1. Among strands (runs of 3 or more DSSP E) lying entirely in the range 88-148, which contain 3 or more residues that are in contact (Cβ under 8 Å) with a residue 12 or more places away in the chain and crowded, with 23+ Cβ neighbours inside 10 Å?
2. Just one of Gly148, Gly187, Gly180 is over 23 Å from Gly73 (Cα atoms) and either modelled with pLDDT under 90 or touching a Pro at 6+ places or on another chain (Cβ under 7 Å) (or both); which is it?
3. Being free of Cβ contacts under 8 Å to residues at least 12 places away in the same chain and in contact with a strand residue (DSSP E or B) (Cβ under 7 Å, 6 or more places away or on another chain) is the requirement here; does Arg52 meet it?
4. Identify, from the list Asn63, Asn72, the residue that is of a type in the set (S, T, N, Q), at pLDDT 95 or above and in contact with a Phe, Trp or Tyr (Cβ under 9 Å, 6 or more places away or on another chain).
5. Taking the range 149-160 as the search range and keeping residues that are among the polar types (S, T, N, Q) and surrounded by 12 or more Cβ atoms within 10 Å (Cβ to Cβ), which one is farthest from Pro6 (Cα to Cα)?
6. If you go through the range 46-68, how many residues are β-branched (Val, Ile, Thr) and either surrounded by fewer than 16 Cβ atoms within 10 Å (Cβ to Cβ) or assigned to a loop (DSSP other than H, G, I, E, B) (or both)?
7. In the range 75-87, what residues are surrounded by 15 or more Cβ atoms within 10 Å (Cβ to Cβ) and either out of contact with any helix residue (DSSP H, G or I) (no Cβ under 8 Å at 6 or more places or on another chain) or assigned to a loop (DSSP other than H, G, I, E, B) (or both)?
Amino acid sequence: SWCLDPYNDAAGGNLFEVYKIGHAIENGKLYVSVKTGFPIGGARGGDSYDNRTWFSPGDLYLNVGGMFQTGNGTVYGIGTTDHSGDRTKDPNDGPWETVYDGKLYIGSNFATGTYETYPTNTPSDGNNSDNMNNYPTLIMNYLTKVSGSSGFHYKDGWNYNEYFYWVDLAAIGLDVCEDGSCAGGTGLTQSLQITWAMECGNDLAECKIEACENEVPEPSTVALVGAGVLALGKRRRFRL
């Protein structure tokens, strides 16, 4: 399933565009794909602290049971590149710990974007009146590093760059419920927000997967249950 990001909502042209973010659930794993113009090696640009800065791709942000805009939920991150030390000139962030690509970080604390004049409604960063960029970009520090439960792969495409991530659902406190209580029969036991942005936070794409119990059953399913017929929703699998 793909979540499209508005086109031309970033300064600097296609290089700083995030086109879309997609997700799939298969055999107890969550797979995420990000399509962007931003290269794995980074790019030079300006932000609100420095006119000429070398920016790196951001880490994958996962929020179980909440959203970064509201500050609730349990935050996980998957590293995109190896990085350590203060990566930005934002005086409000830090301290920074070492992060490795493909590793899962529980209780992650993310730095926010340093390009403060981005369009604030694509999507909202949770506070459109403070003139500050609050998009999660890079993992600064964390509670626990987990190895063997996640991974990362990069593909240099013809018209875009693609970032692939995977993580065991159990490692981020999630499970798939397939008891027919969801529309379609398959859902997650808690809500999940997935976002990605480059280091400066010029552009961000997000997906939100609602928890199974929060989904509204389709009318046909309600009718079957009301008639006393066991409704077995067809399991839907999304492949990227």
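1. Numbers: elements: 104-106, 109-112, 136-141, 144-146.
Qualifying strands (runs of 3 or more DSSP E): 136-141.
2. On the way: Gly148 fails: either modelled with pLDDT under 90 or touching a Pro at 6+ places or on another chain (Cβ under 7 Å) (or both); Gly187 fails: over 23 Å from Gly73 (Cα atoms).
After ruling out the rest, the residue left standing is Gly180.
3. Numbers: free of Cβ contacts under 8 Å to residues at least 12 places away in the same chain: yes; in contact with a strand residue (DSSP E or B) (Cβ under 7 Å, 6 or more places away or on another chain): yes.
The answer is yes for Arg52.
4. Asn63
5. Of the range 149-160, the ones among the polar types (S, T, N, Q) are 149-150, 159.
Adding the requirement that they be surrounded by 12 or more Cβ atoms within 10 Å (Cβ to Cβ) leaves 149-150.
Numbers: Ser149: 32, Ser150: 29 Å.
Ranking the qualifying residues of the range 149-160, first place goes to Ser149.
6. Keep residues of the range 46-68 that are β-branched (Val, Ile, Thr), which gives 53, 64.
Pick out the ones that are also either surrounded by fewer than 16 Cβ atoms within 10 Å (Cβ to Cβ) or assigned to a loop (DSSP other than H, G, I, E, B) (or both) and you get none.
Within the range 46-68, residues that are β-branched (Val, Ile, Thr) and either surrounded by fewer than 16 Cβ atoms within 10 Å (Cβ to Cβ) or assigned to a loop (DSSP other than H, G, I, E, B) (or both) number 0.
7. Within the range 75-87, the subset surrounded by 15 or more Cβ atoms within 10 Å (Cβ to Cβ) is 75-81, 83, 87.
Passing the criteria: Val75, Gly77, Ile78, Gly79, Thr80, Thr81, His83, Arg87.
Rundown of residues vs (1) touching a Cys at 6+ places or on another chain (Cβ under 6 Å); (2) surrounded by fewer than 16 Cβ atoms within 10 Å (Cβ to Cβ); (3) in a loop (DSSP other than H, G, I, E, B), yes/no style:
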position: Asn8; (1), (2), (3): no, yes, yes
position: Ile21; (1), (2), (3): yes, no, no
position: Leu30; (1), (2), (3): no, no, no
position: Ser33; (1), (2), (3): no, no, no
position: Phe38; (1), (2), (3): no, no, yes
position: Arg44; (1), (2), (3): no, yes, no
position: Thr70; (1), (2), (3): no, yes, yes
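The values are calculated or read from the model by the stated rules, or taken from the named source; none is laboratory data. Worth saying up front: this structure is predicted, and the values here are computed from it rather than measured. Ideal geometry is used to build each Cβ from the backbone, glycine not excepted, and the neighbour counts take in all protein chains shown.
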